[in-house]
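Beneath this line is the structure, given in structure tokens, with notes to follow.
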Amino acid sequence: MQYRLSLTLLTLWIALISTPIMLAQTIPKGHQVVKAEKQPRGSFGSDIKYSPDGRILAAVSFFGFGEVMLYDTKSEETLENFANPKWVTTIAFRPDSKILATGHHDGTVQLWDTGDIDQGIGLRDRLGEAGILSGHKATVNSIAYSPDGKWMASGSQDKTVRLLDANTGEHIRTLSGHRGAVYSVAFRPDSKILAAASWGSVYLWETNTGRKLRELDQRPIVKADTPHIYTVAFSPDGNTIVTGGFYGTLFLWDVDTGRRLRRFNQTPKVRIEMASLYRVAFSPDGNTIAGTNFGHIYLWDANTTREPKILSRQGFSSSVTFSPDGKRVASIGQSEIIMWDTITGQRIYTKMYIGY
């Protein structure tokens, strides 16, 4: 088993170091692209997000060497591509869609103004130096805004979560004590609880006080040396949490009691013993869970334990997101973004990264 794990990681590393560094070749006039540094050690950030108003799809992939890509969801045209010398690892939109936050390998978070990007003006550093938020001592793995627009949380490799004022960037408190690196953070829809996924468990924190409410611990269930939970998401009604992690584990939990409700299955035909679920997302109606691991994009029925629908194989697929209306799901892989129809499971279109 150790041999198989080493072989998988070696294959992934070879793919990383053999991928040429490419920056955007077609940049709208007046837009600036900053050359990215070489890949930092330990940086494996990938993310894809719709803006809450549905007009922008933003994506970043470590296969794109920290380059952020923004697309107009109606025209499917590229709005902007930009690289950052700090190496972007994760992204999140503020609920009003006017701010895009980028998390970086150096432990900082930067805020960008998206208000006029569809008018050809491009991203702007809205707050200047004040828009660069520091405090973490290692890579920022995940960013989330509370649905009420009051809070922003960042989870880091330094085993902490920083809770900030979403409008001013002011540091409110640091949530510490996690078992390991914090890979994913998510707010409950009522913004009262923050979930932070770490080594083998998820901590639920009360947002207003910073009090730890309970721990969702999968270590007694997942018998592994590294039972990491890489991703966490709340259901739209806020009553349940879905977690995904090492060994392809996918669990549904009761938020109020911490009780494990069910374990979802991967189809035996494609199960990869060492595969990990890197991102999961609930559909807006709460009936579907999307997830992705080494090349597979799954759609689970959130209400049953039936085998998932498999959309396609996409090289190394590392993140998924639902459109605000739930009709589409977007996935990001090694060299492409693919848009899927959630009802039929058919591919709508493929967008190659600029430079490939």
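At-a-glance table
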| quantity | calculated |
| --- | --- |
| Total residues in the stretch 88-99, condition open to solvent by less than 10 Å² (accessible area, probe 1.4 Å) and either of a type outside the set (Ser, Thr, Tyr) or without any contact (Cβ under 8 Å) to a residue 24 or more places away in the chain (or both) | 4 |
| Filtered residues of the stretch 178-210 (kept if surrounded by fewer than 18 Cβ atoms within 10 Å (Cβ to Cβ) and under 21 Å from residue 240 (Cβ atoms)) | 189, 190, 192, 206 |
| Residue check for residue 286: assigned to a loop (DSSP other than H, G, I, E, B) and modelled with pLDDT of 75 or more | yes |
| Single match in 114, 102 (criterion: polar (S, T, N, Q), open to solvent by less than 10 Å² (accessible area, probe 1.4 Å) and modelled with pLDDT under 90) | 114 |
| Hits in the stretch 131-142 (condition: within 18 Å of the chain's Cα centre (by Cα) and surrounded by fewer than 23 Cβ atoms within 10 Å (Cβ to Cβ)) | 138 |
| Search result, residues across the stretch 173-188 that are of a type in the set (D, E, K, R) and closer than 20 Å to residue 219 by Cβ | 179 |
| The one condition in (1) under 26 Å from residue 98 (Cα atoms); (2) out of contact with any Leu (no Cβ under 8 Å at 6 or more places or on another chain); (3) part of a loop (DSSP other than H, G, I, E, B); (4) modelled with pLDDT under 95 that residue 148 fails to fulfil | (4) |
| Selected residue (criterion: surrounded by the most Cβ atoms within 10 Å (Cβ to Cβ)) from residues of the stretch 290-308 that are modelled with pLDDT of 85 or more, part of a strand (DSSP E or B) and more than 14 Å from the chain's Cα centre (by Cα) | 298 |
| Scan of the stretch 257-278 for residues that are within 20 Å of residue 235 (Cβ to Cβ), outside any strand (DSSP E or B) and modelled with pLDDT under 85, ordered by number | 264, 265, 277, 278 |
| Residue among 330, 281 that alone is in a strand (DSSP E or B), open to solvent by less than 10 Å² (accessible area, probe 1.4 Å) and modelled with pLDDT of 90 or more | 330 |
| Pair list, Cβ under 9 Å, 6 or more apart: the stretch 102-116 residue farther than 22 Å from residue 50 by Cβ, other residue aliphatic (A, V, I, L, M) and surrounded by fewer than 21 Cβ atoms within 10 Å (Cβ to Cβ) | 105/138; 106/138; 107/138; 108/132 |
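The values are calculated or read from the model by the stated rules, or taken from the named source; none is laboratory data. Bear in mind that the values here come from a model prediction, so they are computed numbers and not experimental data. Neighbour counts are summed over all protein chains in view; Cβ atoms, including those assigned to glycine, are modelled from backbone coordinates with ideal geometry. We work out accessible area using only protein heavy atoms, side chains counted, and drop any ligands, DNA or RNA first. Shrake-Rupley method; radii C 1.70, N 1.55, O 1.52, S 1.80 Å.
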